[in-house]
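Okay, structure first, notes after.
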Amino acid sequence: MSAQTADVLSDPVGVIVDLVAGVEPGLDRTHITEVVAGMAGGRAKRRRLAQSLLTRPAVLTDGRSPAPEAAGKLLTALREAGAVNVSAPVCTTCGKPMRAFQRRGQDWYCGVHGPQTAACSVCGNVRPIAQRDRQHQPRCWQHPLSDDIDPIQVLIDVVASIDPSLDTPIVTAAIRTAAPQSGQRRRLAWALQDHPELLTGAGAQAPVPAVLRLIDMLAEHGSGRIVRPPCPGCGRVIALVKPRDGVRLCRNCVAKSRAQTCARCGVHREAATRDEQGRALCPKCLITDPANLEICLACRRRRPVSVRTPAGPLCPSCRPIAAVTCSICGRAAPGSISKLTGQACCHACLQRRARCSRCGNVRLVRSGTRTRPLCGSCTRPDADWHVCPGCGEHTQHRSRRCGRCTLHRRVGELLGDNAGQIRPQLQVLHDNLANHDRPETVLAWLNNHRTSQILGELAAGQRALTHGGLDELPDAKGLRHLRAVLVATGVLPARDEHLMRLERWITATIADRADPEQRGLLHRYALWHALHRLRRRNKGKHATNGQRVAVQRNIRSALDWLAVSGLDLTSATQGDLEQWQASTHATARVDAGNFVRWARRNKLTSLDFAAIKWDGPRRTIDSEARWVHARRLLHDDSIKAEDRVAGLLVLLYAQPTTTISRLTLDHVLADEHDVRLRLGHEPIVLPEPLDALVRELVASRHGHATLGDQGTSRWLFPGGRPGRPISAHRLGERLHQLGLRPGQARSTALFGLATELPAALLARLLGINISVAVVWQRASAGDWTDYAADYSRRNNQNTVAEGRQDDLP
């Protein structure tokens with residue numbers, strides 16, 4: 001392997017341009033790059049072309065095959081661009097230069113030597129094949145097929161039997177476009193005559209690609225019964241390109257079918273090259289091979305080369321990225337010149353969707369400003385836009401429906417039956433998805449194989465539309481998100497998902513224990529104690545992820561103590577327990593105490609495992625840093641409103657991220673004068689400008705959930721799943737990105753508040769337990785007990801004095 005072989009993967013266009021420029025110095029490199037980029041479209045095609053030219057560069061001068069078809073097209077394109085030294089492709093048989101050629105395998109042929117010869121099935125003479133009959137037998141030009149049938153009429157009859165609503169002129173135009181040649185139309189008619197089910201979902205078994213082209217065109221014209229076939233490999237409704245084992249697959253599945261086991265890393269990937277022993281090597285191992293690494297000019301590290309400059313090579317991390325001043329947001333960032341407006345736009349703005357300030361539709365931003373964005377149709381109403389055949393809206397895709405019409409068809413196919421009817425239980429989900437503001441996002445979610453498969457089973461009645469029906473499937477993130485969408489749209493009732501996951505985990509964990517006595521003991525501890533205490537503490541509220549993790553940690557610690565000690569609770573001595581505490585299992589020491597103390601209370605053991613008593617904050621209390629962070633969050637408008645509010649609740653009111661993440665709109669009490677926030681029993685009046693920030697958050701809050709929940713969430717901090725709040729962990733990560741440590745900041749705030757307020761008032765306002773408030777007050781040396789007694793004595797003295805004054809004459 002050489003460095004050039006690695007460049008085929010990292011920069012195939014550069015390899016091709018270098019080889020062509022070495023043969024044709026008269027052509028400018030920029031012109032050569034444009035020709036290569038316009039001819040070799042995809043990444044895989046460019047790599048194959050670069051590898052073939054690198055293996056045999058003489059094809060550029062002699063034009064002889066064997067070589068890929070892309071090499072012949074490149075030679076023709078270079079000749080049309082003015083190349084002199086580059087040869088035109090020549091016929092393999094006669095050596096004649098050609099402008100157009102026929103191909104068999106890796107060889108090129110002219111029009112005379114291109115047609116294959118075979119024995120005619122009628123006369124038996126070996127002649128060039130002119131046609132093939134229905135049994136795929138060859139016919140010579142003297143014995144053509146009889147024109148006793150009209151392929152177009154046959155196809156019209158087949159389509160009409162499936163979908164009579166399609167107009168005949170539309171079907172005829174679609175047939176002529178899908179099969180422009182008479183032979184193609186004849187083979188298409190034969191295929192659909194024998195197998196009309198190809199038009200209703202079985203198109204992956206199509207014997208000719210014209211079947212798939214006809215399906216696409218009829219579906220684009222609004223047919224509700226002509227169904228685009230899903231890929232048999234991944235289940236996505238996507239273009240099917242090549243047959244594998246009798247069925248046609250998408251590009252991704254075709255690439256996976258070519259995968260081989262890499263001889264170096266053992267991963268099953270598509271092979272990039274082979275080593276000296278002929279073993280397959282994947283692209284990753286090829287690029288990271290020590291022989292293909294060079295010293296980067298910028299970072300001076302030995303890494304793969306991404307681009308070569310006159311001064312030296314640059315790695316992917318140091319590769320220069322052209323920055324432009326965006327005409328939309330005004331910042332300098334990587335971007336490009338928009339073909340629609342001719343102005344520079346950053347990549348972030350070109351990928352952003354917003355509601356157009358002119359037409360009101362949620363579309364990709366193409367011009368305007370951050371506050372007044374404009375879509376493409378409103379930016380250039382006079383542009384040559386393609387019209388969607390379904391709704392008439394402008395679209396950038398030729399002969400394709402817009403995202404909205406594609407989504408309507410896809411949702412109808414997925415959730416409807418053969419007659420196009422939607423189950424009443426799924427009608428709300430259908431309307432929610434079909435009318436979504438971001439149709440491309442919904443399409444990407446529906447194209448997930450697992451999601452579409454589950455929705456198809458629910459729509460067909462193959463799986464019960466209940467939580468129990470979904471519980472039969474393996475637990476995965478995709479299934480949890482789908483369940484959240486069904487709950488948010490009202491298809492399924494809400495339930496405590498963290499508690500259900502905890503119960504399933506406890507059942508599986510106990511079942512894995514081989515000892516019957518240990519299973520019984522863990523069953524009592526996990527279900528009768530840990531789970532019962534969690535339900536009692538929540539008082540009907542849903543459990544949090546932190547609570548679930550804490551219960552799992554306690555149970556794992558009990559398992560670890562029983563497994564490592566090798567003793568049961570009745571035979572273990574205090575010395576055995578102390579010896580285990582001194583062992584290396586430090587992570588289970590504290591949590592195992594819950595199990596031992598529970599066993600002692602239930603008279604299952606005589607062991608004593610003392611609880612660790614909290615004796616005050618262990619970190620430094622930095623009040624000055626607290627107020628620095630607070631002033632920044634109060635006045636820095638560049639920070640998101642949700643991050644500012646969350647950080648201020650930690651700094652000013654000592655709220656943990658768990659409590660902040662579960663705040664709802666009911667906790668905010670706003671009128672025309674004040675904004676109050678209910679953290680405890682008594683609501684707190686928020687000062688300025690925090691009250692304005694909370695008003696802004698209530699008006700503009702939105703999470704990352706784009707499916708099933710469009711601005712209807714009751715949570716003050718919506719999360720990534722519909723109908724669910726942001727997790728405390730994610731909220732803590734966002735505060736960490738602002739330089740704020742939520743745990744330490746809360747301790748500092750609670751320490752300061754405890755010195756200023758009585759424990760009872762602290763508990764009522766902040767929603768913390770009275771015992772916690774008392775402990776913090778004592779730790780801060782702000783014990784209000786003496787103040788309360790002194791206040792009581794002063795009140796008694798004033799009462800006595802007033803009584804004496806009343807006795808005066």
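For this structure, a couple of remarks:
- Which of ALA202, CYS231, GLN277, positive extreme of dipole for the chain (C-beta unit charges): GLN277
- Here percent of Cα pairs over 47 Å apart was calculated from the structure, and among (1) 46; (2) 25; (3) 40 it sits at label (1).
- Compactness check for the range 460-570: Cα Rg over 2.2 N^0.38 Å is 1.26.
- Per residue, the accessible area of the chain comes to 54 Å², computed with a 1.4 Å probe over protein heavy atoms only.
- Cα centre as origin, Lys/Arg/Asp/Glu Cβ charges: the chain dipole, Debye: 1460
- For the chain, with all protein chains in place and a probe radius of 1.4 Å, 50% of the accessible heavy-atom surface sits on carbon or sulfur.
- Longest to shortest principal axis, alpha-carbon extents of the range 29-85, angstrom: 26, 24, 16
- Between the range 440-464 and the range 7-30, the alpha-carbon centres lie 46 Å apart.
- Set of aspartates and glutamates near LYS539 by C-alpha distance (under 13 Å), chain-local residues within fewer than 8 positions excluded: ASP496
- Taking every Cα-Cα distance in the range 682-780 and sorting them into 10 Å bins from zero, the calculated P(r) comes out as 14, 29, 37, 17, 3 percent.
- Cα lying deepest toward the dipole's positive end in the chain, options THR168, ALA572, ALA514, charges on Cβ: THR168
- With a cut-off of 11 Å between beta carbons, the residues surrounding GLU80 carry a summed charge of +3, where Lys and Arg count +1 and Asp and Glu -1.
- Violating pairs (Cα-Cα greater than 23 angstrom) within the set LYS73/LYS96; LYS45/LYS96; LYS45/LYS256; LYS45/LYS477: LYS45/LYS96; LYS45/LYS477
- Listed by chain and number, the lysines whose C-alpha is less than 25 Å from the C-alpha of LYS603, apart from same-chain residues fewer than 8 away, are LYS613.
- Within straight-line reach of LYS640, meaning a Cα separation under 19 Å, sit the following aspartates and glutamates at least 8 residues removed in sequence or on another chain: GLU688, ASP691, GLU696, GLU733.
- From the Kirkwood radius over Cα pairs of the range 97-188, Stokes-Einstein at 4 °C and 1.567 mPa s returns a whole-number translational diffusion coefficient of 83 µm²/s.
- Dipole of the chain, positive end: most advanced residue of HIS436, CYS94, LEU214 [Cβ charges, Cα centre]: CYS94
- Simple point charges give the picture: +1 on the Cβ of Lys and Arg, -1 on the Cβ of Asp and Glu, and for the range 104-234 a dipole about the Cα centre of about 440 debye.
The values are calculated or read from the model by the stated rules, or taken from the named source; none is laboratory data. What you see is a predicted model; the values in this text were computed from it and never measured. Every residue, glycine as well, gets a Cβ built from its backbone with ideal geometry; the counts of neighbours run over all protein chains shown. Areas reflect the complete protein model, heavy atoms only, side chains present, ligands, DNA and RNA absent. Shrake-Rupley method; radii C 1.70, N 1.55, O 1.52, S 1.80 Å.
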